[in-house]
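The values are calculated or read from the model by the stated rules, or taken from the named source; none is laboratory data. Keep in mind it's a predicted model, so treat the numbers as computed, not measured. Ideal geometry is used to build each Cβ from the backbone, glycine not excepted, and the neighbour counts take in all protein chains shown.
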Amino acid sequence: MKRILIADDEPSVRFVLREVLEGAGYSVEEAEDGAAARAKLEAGDYELAFFDILMPKASGLELLEELNQRGEDAPIVVIMTAQNSFDNAIEAMKRGAFDYLTKPFDLRQIEAVVEKALRLRELRGQLQSLRKRLDDPGVAHGVMLGSSPGTVETFKAIGRVSNSDVDVLLRGESGTGKELVARTIHHHSRRNEGPFVAVNMSAIPSELIEAELFGHERGAFTGAVEAQPGRFRDAAGGTLLLDEIGDLPLALQAKLLRVLQEREVTPVGGRHAIPIDVRILAATHRDLERRVQEGSFRQDLYFRLNVVPIRIAPLRERREDIPELVEHFVERFGRELGVRTRWPTPAAIEYLCTQPWPGNVRELQNVIKRALVLASGDVIDTDEVRAALDPAAVSGPSPWTEAMRREAAGMLESPDRAPEQGIYWSFVARVEQEVIREALKQSGGNQIQAAQRLGINRNTLRKKIELLGLKDATLRDPSP
């Protein structure tokens with residue numbers, strides 16, 4: 001039964017509201033002033049609360065402010081007042097009230113407000129549940145599937161490290177699912193109620209990485225119009241994934257090492273260090289040992305990150321996982337793309353299992369997505385899988401394209417054979433010739449129609465025809 005709290009210093013108001021709400025099937029409790037309301041709110045959970053705007057010991061607006069600190073678990077609040085003023089209404093809504101009612105009440109209005117407020121509370125709960133599901137790596141970022149020895153070893157490693165805050169270094173080729181493993185570790189850790197933040201070192205300009213990681217104060221550099229906390233503080237209470245850690249510039253590695261050791265960050269432009277509470281995971285496809293030998297990666301940082309290494313095997317080493325992954329991707333992308341579910345034939349699955357997969361699981365995922373969209377029948381056959389893997393390999397380059405490629409290769413190898421205008425402009429002109437010639441052919445020599453097909457104006461087309469020596473191709477020009 002839905003619980004509702006009524007807080008008002010007027011007994012008659014509480015009586016009327018109780019009669020209406022209990023008659024509608026709700027459980028109702030009363031409070032005669034702000035202090036009593038606060039005590040009841042602390043002792044129990046309510047879906048909805050009616051607060052008088054002016055009460056002894058604490059006003060309705062004060063109670064509303066306190067409930068705002070609870071976040072989405074707080075009850076929906078309706079403010080009541082006998083003083084119908086714009087200032088009161090505006091202030092109540094600014095502070096987050098669901099509605100604002102003026103005494104005396106229209107009882108039908110009360111019933112409508114309660115129904116809408118409780119519906120909002122229900123939707124809020126659904127949204128909270130959905131957010132938790134989206135944080136689940138099995139929903140938001142695919143699932144970890146497979147029963148191959150390599151995958152089982154990864155599962156075991158995840159189980160060993162999830163319950164501690166030990167630093168973990170995830171090793172594996174691009175596309176093997178390092179971020180998915182990191183999310184799974186977070187999901188099964190004691191920090192799973194906190195945020196998971198992933199930052200890709202290779203995707204941030206080197207001059208901005210320090211501010212991105214550690215935050216910055218307002219005016220710390222050009223463009224810093226307001227202070228930012230940085231990714232370490234964004235992940236407070238949760239997990240931070242430093243993806244592609246092998247690409248971190250050498251100049252910042254010492255600062256990162258200090259943060260990992262001291263567990264505090266100093267924002268760019270700041271004077272004081274700020275403590276952080278975050279679990280660190282790192283990932284890379286680079287050979288860090290080789291980078292340490294070359295001097296491009298600090299050995300002490302490597303040792304600090306490599307406390308527990310987890311290697312994610314490439315797909316070519318766990319081919320027995322492919323059928324299960326394919327089944328998952330077919331179901332997932334069929335729903336996401338809104339296309340009919342088409343299953344690969346046994347021969348197509350067998351063909352997929354023989355491929356080298358340099359792009360690993362990410363490549364397999366894209367191939368299945370492409371095959372679902374392009375397949376024309378009820379199933380995905382081997383030819384359609386082959387086309388999804390490499391469309392160019394199936395159709396092959398045209399003879400004209402292949403001839404130009406060979407000619408370009410010869411000129412690039414022997415620059416003395418290059419035409420006077422240069423290799424690049426020579427081939428650009430030849431491509432223009434073929435495109436314009438085809439447009440004129442398809443339009444029967446009509447320059448207006450050809451220009452429209454090409455997306456250029458007729459004067460431009462005329463100049464190109466003259467410049468490229470295509471006057472013989474102008475079969476018909478209707479202009480005066």
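The figures follow:
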| read-out | value |
| --- | --- |
| Flag for Val20 being farther than 14 Å from Val78 by Cα, buried (at least 19 other Cβ atoms within 10 Å of the Cβ) and in contact with an Asp or Glu (Cβ under 9 Å, 6 or more places away or on another chain) | no |
| Boolean, Glu29 is among the acidic types (Asp, Glu) and outside any helix (DSSP H, G or I) | yes |
| Only listed residue being within 22 Å of the chain's Cα centre (by Cα), modelled with pLDDT of 90 or more and in the same structural domain as Ala273 (by TED's automatic domain parsing), chosen from Ala203, Ala235 | Ala235 |
| Glu294 being surrounded by 15 or more Cβ atoms within 10 Å (Cβ to Cβ) and more than 30 Å from His216 (Cα to Cα) | no |
| Any chance Arg370 is within 28 Å of Ala313 (Cβ to Cβ), surrounded by 15 or more Cβ atoms within 10 Å (Cβ to Cβ) and of a type in the set (D, E, K, R) | yes |
| Listing of helices (runs of 4 or more DSSP H) fully contained in the stretch 384-480 that carry 2 or more residues being modelled with pLDDT under 70 | 391-395, 399-413 |
| Among (1) surrounded by fewer than 16 Cβ atoms within 10 Å (Cβ to Cβ); (2) assigned by TED's automatic domain parsing to the domain that holds Glu363; (3) modelled with pLDDT of 90 or more, the one test that Glu331 misses | (3) |
| Number of the exception - Leu17 against (1) under 18 Å from Ala117 (Cβ atoms); (2) in a helix (DSSP H, G or I); (3) in contact with a Gly (Cβ under 9 Å, 6 or more places away or on another chain) | (3) |
| Top-ranked residue in the stretch 254-277 [being over 24 Å from Arg218 (Cα atoms) and surrounded by 14 or more Cβ atoms within 10 Å (Cβ to Cβ); ranked as farthest from the chain's Cα centre (by Cα)] | Leu257 |
| Any hit, the stretch 303-315, residues being in a helix (DSSP H, G or I), over 28 Å from the mean Cα position of the chain (by Cα), at pLDDT 90 or above and under 30 Å from Glu193 (Cα atoms) | yes |
| Which numbered condition Gly172 misses (of (1) in contact with a Leu (Cβ under 8 Å, 6 or more places away or on another chain); (2) at pLDDT 90 or above) | (1) |
| Residue list for the stretch 241-283, filter: among the basic types (Lys, Arg) and either within 28 Å of Gly175 (Cα to Cα) or touching a Pro at 6+ places or on another chain (Cβ under 9 Å) (or both) | Arg263, Arg279 |
| Number of the condition not met by Pro56 [criteria: (1) touching a strand residue (DSSP E or B) at 6+ places or on another chain (Cβ under 7 Å); (2) at pLDDT 90 or above] | (1) |
| Qualifying residue in the stretch 121-142 (condition: modelled with pLDDT of 75 or more, outside the structural domain of Arg335 (by TED's automatic domain parsing), closer than 28 Å to Glu22 by Cα and surrounded by fewer than 17 Cβ atoms within 10 Å (Cβ to Cβ)) | yes |
| Residue in the stretch 77-87 that is surrounded by 12 or more Cβ atoms within 10 Å (Cβ to Cβ), modelled with pLDDT of 90 or more and out of contact with any Gly (no Cβ under 9 Å at 6 or more places or on another chain) present | yes |
| Residue tally, condition without any contact (Cβ under 8 Å) to a residue 40 or more places away in the chain and in contact with a strand residue (DSSP E or B) (Cβ under 8 Å, 6 or more places away or on another chain), over the stretch 1-31 | 9 |
| Unique residue being farther than 26 Å from Glu193 by Cα and out of contact with any Phe, Trp or Tyr (no Cβ under 7 Å at 6 or more places or on another chain) when the list is Ala236, Ala254 | Ala254 |
| Out of Asn360, Asn366, sole residue that is within 19 Å of Lys178 (Cα to Cα) and without any contact (Cβ under 8 Å) to a residue 40 or more places away in the chain | Asn366 |
